[in-house]
1. Which percent, nearest 5, of DSSP beta bridges in the chain are antiparallel?
2. Could you give the nm distance between label points at residue 388 and residue 311, where each point is 7 Å from its Cα heading toward the beta carbon?
3. Using each residue's phi in the stretch 247-255, evaluate 6.51 cos²θ - 1.76 cosθ + 1.60 at θ = phi - 60° and report the 3J(HN,Hα) Karplus result to the nearest Hz, with x for Gly and Pro.
4. Check residue 324: other-chain or 5+ apart residues with amide H under 5 Å from its amide H, H built from backbone geometry?
5. In nm, give the distance between the simple-model label positions of residue 80 and residue 286, each being 7 Å from the Cα along the Cα-to-Cβ direction.
6. Residue 375 to residue 90: extension gain in nm, 0.36 nm per residue of separation minus the Cα-Cα distance?
7. For residue 182 and residue 67 in one chain, what is 0.36 nm times their gap in residues minus the Cα-Cα distance, to one decimal in nm?
8. In square nanometres and to one decimal, what's the mean projected area of the convex hull around the Cα atoms of the stretch 227-449?
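Laboratory data are not the source of any read-out in this text; all were calculated from the coordinates shown. All figures in this text were calculated on a predicted structure; none of them were measured in a lab. For neighbour counting, all protein chains shown are included, and Cβ atoms are generated from backbone atoms with ideal geometry for every residue, glycine included.
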Amino acid sequence: MAVEMRKGKFDGDRAAALLKELRVSFASGKTKSYGWRVQQLKNVLRMVDENEKAIVEALRLDLAKPKFEAFVNEISLVKAACKHSLTKLKHWMKPQKAKTSIITFPSSAKIVSEPLGVVLIISAWNYPFLLSLDPVIGAIAAGNTVVLKPSEISPATSSLLAKLLKDYVDCSTIRVVEGAAAETTALLEQKWDKILYTGNGNVGRIVMASAAKHVTPVILELGGKSPVVVDSKINLTVSARRIVAGKWGCNNGQTCVSPDYIITTKTFATKLIDALKHVLEEFFGKDPLQSKDLSRIVNSSHFSRLTKLLDEDKVSGKIVYGGQRDETQLKIAPTILLDVPEDSLIMNEEIFGPLLPIITVDKVEDSLNIINSRSKPLAAYLFTSSKKLEKEFVEKISAGGMLINDTVLHLTNPSLPFGGVGESGFGSYHGTHHIHPEKLDYWMLFFTTVRA
């Protein structure tokens with residue numbers, strides 16, 4: 001049975017028994033074979049192809065995610081990850097030749113990859129389909145057995161994943177545990193060979209502390225306040241569309257790499273705001289709360305958190321666009337704020353929603369000091385036609401990923417590693433980085449028999 005949610009409490013004993021079963025499966029050696037990995041990846045791809053309508057409906061129930069967005073930002077990316085792994089897997093599994101030295105002459109050397117064992121994946125609610133299956137694909141490609149713990153905050157997608165994986169993949173090697181904090185705690189008490197967690201920093205610290213007890217390696221993808229620096233030397237229309245698409249067109253700002261705040265010059269701010277307003281009305285109409293192209297806030301708790309940021313005394317008067325809300329629908333309109341105080345809540349917490357503060361500076365180069373005074377973000381974005389500013393930005397800013405003249409799209413490239421730095425997380429996955437974090441490289445040295 002692929003789903004570990006039978007009647008009764010899922011406690012430490014159940015978690016230990018589950019882990020033991022998966023270790024037995026891993027010890028059999030079947031997950032190490034090329035054939036097994038290919039078959040499971042093909043099964044996942046077929047699962048997605050045959051159940052697109054159900055996936056879209058689950059995402060609608062959890063987040064009111066528009067059909068187009070569900071396909072482009074979740075379904076298509078899972079398919080792309082599967083196809084990329086299937087194309088590259090044979091190459092990834094080949095031992096890599098390594099140079100030898102005069103000390104070991106005559107000899108040859110190679111680096112051999114082997115699976116780590118049993119991997120625990122704790123996924124997030126904001127892209128509940130993509131952020132669950134993308135790392136599962138990586139774990140399969142690396143030859144591991146897997147336990148997936150999807151988020152209870154997106155229950156429709158979580159339940160669908162449990163059902164579909166039971167029907168499509170090898171149930172002796174890939175399991176799903178549904179539940180909330182108690183189930184996650186029971187899982188974290190066990191000794192895993194790798195843990196991948198996507199979510200907020202507070203839970204990330206708990207995951208890391210639990211892993212440390214067993215010296216278990218972890219990948220933490222935690223988010224943060226991703227800045228957007230906007231120079232005046234840009235195509236304003238194109239730049240505004242790309243900022244709006246990356247902020248509000250991706251889950252209404254509930255995205256780990258979503259633009260969190262903008263920095264631009266005092267003289268350019270008005271032009272930028274006018275351009276953003278124009279694009280927002282083009283995308284979502286004059287009454288965005290009625291738009292079917294705008295995702296809702298995931299639940300009442302997150303709705304209250306966002307309205308608290310917006311209603312702070314020192315912030316509420318800084319709204320230059322939007323601010324409307326509908327608590328019954330859990331919707332907040334795209335909202336732009338100008339020159340909110342540095343010590344406000346909105347500038348000191350990851351927003352993770354449809355609010356976008358704009359900070360103004362005298363010179364665009366001053367933005368670099370503001371960014372560097374804060375924790376390292378998961379992503380950093382720059383809009384400019386100046387190669388000098390681009391070079392300075394890349395050299396002086398540290399972030400998990402960067403885009404020049406766009407936002408968010410680096411996440412969609414399966415050939416690039418995806419991960420954070422500092423408090424935005426560490427470790428990465430995707431593509432060849434998809435497989436390498438979840439397997440072990442070890443070297444082998446072969447001496448010829450003529451060596452004395």
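1. Percent antiparallel among DSSP bridges in the chain is about 35.
2. The modelled label-to-label distance comes out at 4.8 nm.
3. Using θ = phi - 60°, the values come out as 8, 9, x, 10, 6, 6, x, 8, 9 Hz.
4. Here the answer is 333, since their amide H atoms fall under 5 Å of that of residue 324.
5. 3.7
6. So the chain would gain 98.7 nm between residue 375 and residue 90.
7. On the way: separation 115, 0.36 × 115 = 41.40 nm, distance 3.28 nm.
Stretched fully, the residue 182-residue 67 segment lengthens by 38.1 nm.
8. Averaging across all directions leaves 15.2 nm² for the Cα convex hull.
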